[in-house]
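Here the structure is laid out as structure tokens; the discussion comes afterwards.
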Amino acid sequence: MDVLYLDNHATTPIDPRVRDAMWPLLGEAFGNPASRTHALGLAARRAVEAARREAAEAICATPDELVFTSGATESLNLAIRGHARARAADKPGAAVFCFAADHSATRACTEATSEAGMRPQVLPVDVDGLPDLDALDAAIAAADAGVLAIVCTAVHNELGSIAPVAALAARAHAVGAVCIVDAAQAPGRVPIDVDAWDADLVAWTAHKCYGPKGAGALYVRRQRRSVAVAPLQVGGGQEGGLRPGTLATAQIVGFSRALSLAEAEREADQARIAGLRDAFLAELAETPAFAWNGGRDTRVVGNLNLRFEAIDAATLLLALPDVAISAGSACASGNNAPSVALTALGLSREEALSSLRIGLGRFNTLEQVRRAGSRIATEIAAQRASSPLWAMRDDVAALRALGFGR
């Protein structure tokens, strides 16, 4: 099937340049980077360290600040739970804050800090899906045992919203806490500079920026201040003891090349994707009663999260097998519950379940987005033609104006 792939927040195709960099390490250069007694092992080790330097340069870090992992979920576990373990003795009962629209991995890791004696708390977001800074300030003031960490999402995986990371980091540091960032969706979409963010721990993954699945890293600040992290696993002591296990050389090289390319080509990519977004929206121009979820001006250009009145998103997706889009996070795919991120904005269950997430990317073409937009508009019109809710929309609107149906 010729699939029109517009789900680039779920995952991205591997860039051929990334694949080419990985290929030798899957073939003749297969050595274990921990083997230091022969040429194959030493070559693999050199490849890993070159990749570490390449990735560090892309995010404005130093090579010793990067710990390679299997992706953002593992990195978040190591950052949030590992930091809580490391500070359990000297910050008992301290608060750990995350936000209601955060990815399930971020929220689960925050909740798990209770195992180390911390007090996790999920705070609200504003109408754009961004952290509610007033609620955060109030929560910080009420934290009797102090604050261990503020956890945030640099670019939201469903809404595309761009968080004020530096402002959150400043609040954390003012009370002796750290700022932990889920940056899975950031590379290639927003400028990356861990010093400008002033972040302490940052989780990365490869497959959101045209690299392989199963590869990522954790940035652990060592410059200006050093952040304590306790390992969650024991083993052979690789990655400074923070992430033991044989290093996946090819995956690491793929991650670093993808990250480097994403940053080097970000401005050109985003300018082109903005044009694709406008072309997609032009195909929906004649479609009535649709709205944006989250702010239009606070999101990355390739993200469209739209809700369509009197439409069931799950039914619509079934009618579009040749268009790869989603109704929310890939991790929640197949779940009939409304998106946590959308309900955190204050949307009703009905509104959340009538929403689609479209993610445009590097390898989409103008012809693809126009075809996809046309297909979606046609199916929406067909679904509404047989929908009693659409036929009765004026009556429903009148009832809602009176306070019913929310």
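Read-outs throughout are calculated quantities, based only on the coordinates presented, and are distinct from any laboratory measurement. Values in this document were obtained by computation on a predicted structure and should not be read as measured data. When we count neighbours, we look across all protein chains shown, and the Cβ atoms used for this are built from the backbone with ideal geometry, even at glycine.
Observations
- Normalised convex hull volume, the chain, alpha-carbon set, Å³ per residue: 143 Å³
- Taken over the alpha carbons of the range 159-314 as equal point scatterers, the Debye sum produces base-10 log I(q)/I(0) values at 0.18 Å⁻¹ of -1.19.
- Using the average count of surrounding beta-carbon atoms within 10 Å as a protection proxy, the listed peptides 315-324, 297-306 rank, highest first, as 297-306, 315-324.
- Between the range 1-76 and the range 110-135, the alpha-carbon center distance in angstrom: 32 Å
- Extension reserve of the ALA170-HIS38 stretch, reckoned as 0.36 nm per residue once the Cα distance is removed: 42.7 nm
- Between ALA141 and THR378, the contour length at 0.36 nm per residue exceeds the Cα-Cα span by 80.1 nm.
- Acute angle (nearest 10 degrees) that the helix 249-264 long axis makes with the longest principal axis of the chain, alpha-carbon atoms: 60 degrees
- Between helix 366-385 and the chain: long-axis angle, C-alpha atoms, 0 to 90°, nearest 10: 50 degrees
- Computed label-point distance, nm, for sites ASN336 and ASP312 using a 7 Å Cα→Cβ extension: 0.9 nm
- Within the range 263-301: backbone nitrogen closer than 11 Å to the SER387 label point (7 Å, Cα to C-beta): 288-291
- Listed peptides 255-264, 82-91, 64-73 by packing density, highest first (mean Cβ within 10 Å): 255-264, 64-73, 82-91
- Among SER354, SER104, SER35, the largest mean-square fluctuation in a Gaussian network model of the chain, built with springs joining Cα atoms closer than 10 Å, belongs to SER35.
- As a rough guide to protection, the peptides 181-190, 344-353 ranked by mean Cβ packing within 10 Å, highest first, stand as 181-190, 344-353.
- Using the Karplus relation 6.51 cos²θ - 1.76 cosθ + 1.60 with θ = phi - 60°, the per-residue 3J(HN,Hα) values for the range 52-57 come to 4, 5, 5, 5, 4, 4 Hz, with x marking Gly and Pro.
- Taking Cα atoms only, the orientation of helix 133-142 departs from the longest principal axis of the chain by about 50 degrees.
- In order through the range 2-17: 3J(HN,Hα) via Karplus (6.51 cos²θ - 1.76 cosθ + 1.60), integer Hz, x for Gly, Pro: 7, 8, 8, 8, 10, 10, 6, 8, 6, 6, 10, x, 6, 5, x, 5
- Note on the range 55-164: with charges restricted to the Cβ of Lys and Arg (+1) and Asp and Glu (-1), its dipole about the Cα centre is near 420 debye.
- Shape analysis of the range 279-396 yields a ratio of the Cα radius of gyration to the Kirkwood radius, Rg/Rh, of 0.94.
- Percentage relative contact order, the chain, counting C-alpha pairs under 8 Å, at least six apart: 22 percent
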